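A short worksheet on the structure shown next.
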């Protein structure tokens, strides 16, 4: 199952200058809780903006560029096996097609061109709806067509005190199977 996870502002924006628009503690905790233990797939620029592999996840970076990754120890300091790994994929569409055949839920975590390329392959969307519009944005999430997606779950509306921004967690499930790319 392919899932996209993103924090999306009221105008559909998700980033500016390869950075998130806001750092909302509750959203970051939600992201970690939902994706830990799963495979996360990101573009090279997203990986570079994070600056390291996300712990507790298999990290796949989509890039045609030559990119070096840090060595990840096979064992944690306490002697237990590490469940963090990182690898590179050059052919994103072929990767998506191979993942569609598996039952494991994988998460696309950005950036904008990766979301756009993966959108028609997605089965589920984990959206943190930000009830604000940024002053400046250069990256946008694909529009969610209500004929193809239904709300499977939604949270109450929270307020991030640090940024004085309201936000809500919404999970969409694809309903129109005919629109999915095989």
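A short reminder: the numbers here are calculations on the coordinates, not readings from a lab. This structure is a prediction, so every number in the text was calculated from the model and none was measured. With ideal geometry, Cβ positions are generated from the backbone for all residues, glycine too; neighbour counts draw on all protein chains shown.
At-a-glance table
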read-out	value
Relative packing of 52-64, 11-23, which averages over residues the other C-beta atoms within 10 Å, highest first	52-64, 11-23
For the chain, calculated [θ]222 nm from helices alone, where every DSSP H run of n ≥ 4 adds -39500 (n - 2.57)	-5000 deg cm²/dmol
For segment 96-139, the Rg and Dmax computed from alpha carbons only, in angstrom	13.2, 41
Ranked packing of 159-170, 142-153, 69-80, 40-51, most packed first, by mean Cβ within 10 Å	40-51, 159-170, 142-153, 69-80
Virtual spin-label span in nm between residue 75 and residue 168, 7 Å along Cα→Cβ	4.9 nm
Potential lengthening between residue 113 and residue 67 on full extension [0.36 nm per residue; Cα-Cα distance subtracted]	14.7 nm
R0 of 30 Å, Cβ-Cβ distance residue 132-residue 103: FRET efficiency to nearest 0.05	0.25
Range of Cα positions in segment 116-168 per principal axis (Å), largest first	36, 28, 15
Antiparallel content of DSSP bridges confined to the chain, in %, to 5	45 percent
Order of 172, 30 - criterion: other Cβ atoms within 10 Å of each residue's Cβ, fewest first	30, 172
Whole-number percent relative contact order across the chain, with pairs defined as alpha carbons under 8 Å at least 6 apart	32 percent
Pairs of alpha carbons in segment 33-80 whose separation is greater than 18 Å (percent)	35 percent
Order of 103, 136 - criterion: other Cβ atoms within 10 Å of each residue's Cβ, fewest first	103, 136
99, 28, 125 arranged by Cβ crowding within 10 Å, fewest neighbours leading	28, 99, 125
For the chain, alpha-carbon Rg over 2.2 N^0.38 Å	1.03
